[in-house]
Structures are given as C-alpha cells and as structure tokens.
Amino acid sequence: MSRQTYLTLTHVPAFIHWLATELESETRFKHQYVNRKTDEKWSCNGLYNAFEKYCWNHPGNARLGFNPGECSSSNGIALSALRQDLVNAAGSDSRILEATVDVMRWGGVAARNADWLKANKAGLGRMLQNVQTAIGDGDDQASVLRSKNLRFNSGMTKVYSLLCKDFIIYDSRVAAGLGWMVVKYCQEHDLSEVPEALCFPWAAAKEGKKSLAPKRRNPGTAKLKFKGLRSGRHHAMWNMRASWLLSAVLAHPGAAGSRFHLVPSPNDPLRALEAALFMIGYDLGDQLRVLVA
C-alpha cells in the first residue's frame, strides 16, 4: 500500500485532524507510572511535556566523539553522530557493520542484533540500501519488504530511522504510546472496535515472566483490541504506516502552532513526537489486561 492510499483509509484523516488539533492539550494526554529501575514516579500533563521529560540513558562513543547522557539533547547529539557515521560508511561492509553495531549499543539492543550483523557482514551495505530505498519509495508492499529474509525488529528499526527520512523508531514503547492515543480517539468517537488502519500492533516489554510489577504495553481494552507485533515484514509495514501517520499529523494545519515545530536542534518535530510516545509507552498502567487479539 502506498503512503497516499494509506492516508485516505477510513478514520485515518479523522485521526490525523483530531491529534493535530490536540497536540497541545494539557488534559487529554496526562499520564503517570513508576519507573521500575529507579522506583521514581514519572508523569506528564501532555504530549510535549512528555518530550520535555524524555529520558534514555545511552552510552558514550569515543570513536564518534559523544559522551554518555540521558536527556533529549544528549540523545539527539548521539543520534546525529550515528546517522552521519552510517552515511559515511556507505560502500564498505566493514564500516557499515561498525556503524550499525554502534546504533544497537545506543539503543540497548546489541546482544542478538550484533551477532546477526556480524554473521551477515558480507553484503550488509547493499541490504540496508535496498530496504532504505523501498521505505523511501513509500510502498509497504515492495518486494524487498515482503522477503522472508528481511530482518526488521526493535534493533533494525533504529538503524532505518537514521537512514530514512521521516521514519520513526517503532519499538514496544512507541507502539504502546501510539495505541494508547488510538484508544482515546476510539473512545471519544464511540467506536466499538479499532479501525483496521489504526490497529497498530503492540509488543511486550522485555522482562521476566515472573516480574512482580510487569509493565503494560498492550493498549487494548475489553472491546478495543490490538494484535501483537511480528518481526520482519509485519514490523516494517506498520513502522512505515506509523511514520506516515505521525508525519501527516505534524504537517496538518491544526498542528502549525504546536511547540513540536519549535524543538531545538539536533532534534526535529517527528523525533520529538516519537520521544513523547516512547516515554508514555513505558507502562500504560493497571487497566484491564487483554489477550492478543
């Protein structure tokens, strides 16, 4: 499906208008939870406030010249350096391997992803270029994206978010935050089920099965159900659709006055909105748990 077609599907234009005009709301998107690592309460009174309170504790990188940090500015500097490194590495599988592994380290997903990247070093640059081109062409059914050999998961989404224009990181936290907003839209419009085009799949948090305080990433309710996210073509397709949707929200006239358009460099509006969803999606709270639809 092309970007143009997706953006005309039932409820997509209405959701875009709704969210664009509510980006600055300080009542609709209030949220809070307790951080499991620090035992500290986190809260926000709106989407932009969630971005202001963004926190990701990333490592430093001596080779690329950025220090460890956790705020949006520090992460923005790190991502800018990682993006430029990926661009500079084009044409060399060895340099591409080094650059992609560093992205995985920034995102805390190096373990299995680094092993896969090393095992697939030969032709890695061409593979990334082919997927990047397909994403840029704006067709989520392109042959390279439907390949059974496509590796697309919470690690690779970070790589492609740096290689591709207007492409968000779609991991379990961002998916949870986006689904959480879709539920609010459905409830406000008295919908009995989630529209197919807005049924963004979710993924569970990586934690022990016997966790005493498991984090909820499933945004569904008893009636409003979401399916589970699958790696590969399924992940790529919904990553593209989420990126198209949020980009359209920010481009909508109703969002023209939003503070997201004024975020300081090196961040940008789409990355800032993604960061807000990332923070909200850490834990959706103690609402009724539902099984994967």
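What follows draws every value from the coordinates through simple rules; no lab data is involved. Just so it is clear, the model here is predicted, and its values are computed rather than measured. Note that each Cβ is placed from the backbone with ideal geometry, even for glycine, and that neighbours are counted across all protein chains shown.
Numbers below:
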{"quantity": "Label-zone membership for the stretch 88-124, site Asn67, 7 angstrom Cα→C-beta point, backbone N under 19 Å", "calculated": "106"}
{"quantity": "Difference of contour (0.36 nm per residue) and Cα-Cα distance, Ala213 to Asp39", "calculated": "61.5 nm"}
{"quantity": "For the stretch 182-195, 3J(HN,Hα) per residue [Karplus equation, 6.51 cos²θ - 1.76 cosθ + 1.60, θ = phi - 60°, Hz, x = Gly/Pro]", "calculated": "4, 4, 4, 4, 4, 5, 5, 9, 6, 8, 8, 8, 6, x"}
{"quantity": "Cα gyration tensor, the chain - rounded (a/c under 1.5), prolate or oblate", "calculated": "rounded"}
{"quantity": "R0 of 41 Å, Cβ-Cβ distance Ala251-Ala119: FRET efficiency to nearest 0.05", "calculated": "0.55"}
{"quantity": "Spatially proximal lysines relative to Lys53 (Cα-Cα < 28 Å; intrachain offsets below 8 disregarded)", "calculated": "Lys30, Lys37, Lys41, Lys158, Lys165, Lys184, Lys206, Lys215"}
{"quantity": "Loop sites in the stretch 133-168: trypsin sites (Lys or Arg not before Pro), DSSP, at most 16 other Cβ within 10 Å", "calculated": "Arg146, Lys148, Lys165"}
{"quantity": "Linear extension gain, Arg230 paired with Glu193, 0.36 nm per residue minus alpha-carbon span", "calculated": "11.2 nm"}
{"quantity": "Cα lying deepest toward the dipole's positive end in the stretch 72-163, options Leu86, Asn113, Leu145, charges on Cβ", "calculated": "Asn113"}
{"quantity": "Residue among Ala205, Val182, Leu163 farthest towards the positive dipole end of the stretch 159-230, charges placed on Cβ", "calculated": "Ala205"}
{"quantity": "Per-residue HN-Hα couplings for the stretch 145-156 [Karplus 6.51, -1.76, 1.60; θ = phi - 60°; Hz; x = Gly/Pro]", "calculated": "7, 9, 5, 5, 8, 5, 9, 8, 8, 5, x, 5"}
{"quantity": "Between the stretch 71-145 and the stretch 266-287, the Cα center-to-center distance that results, in Å", "calculated": "22"}
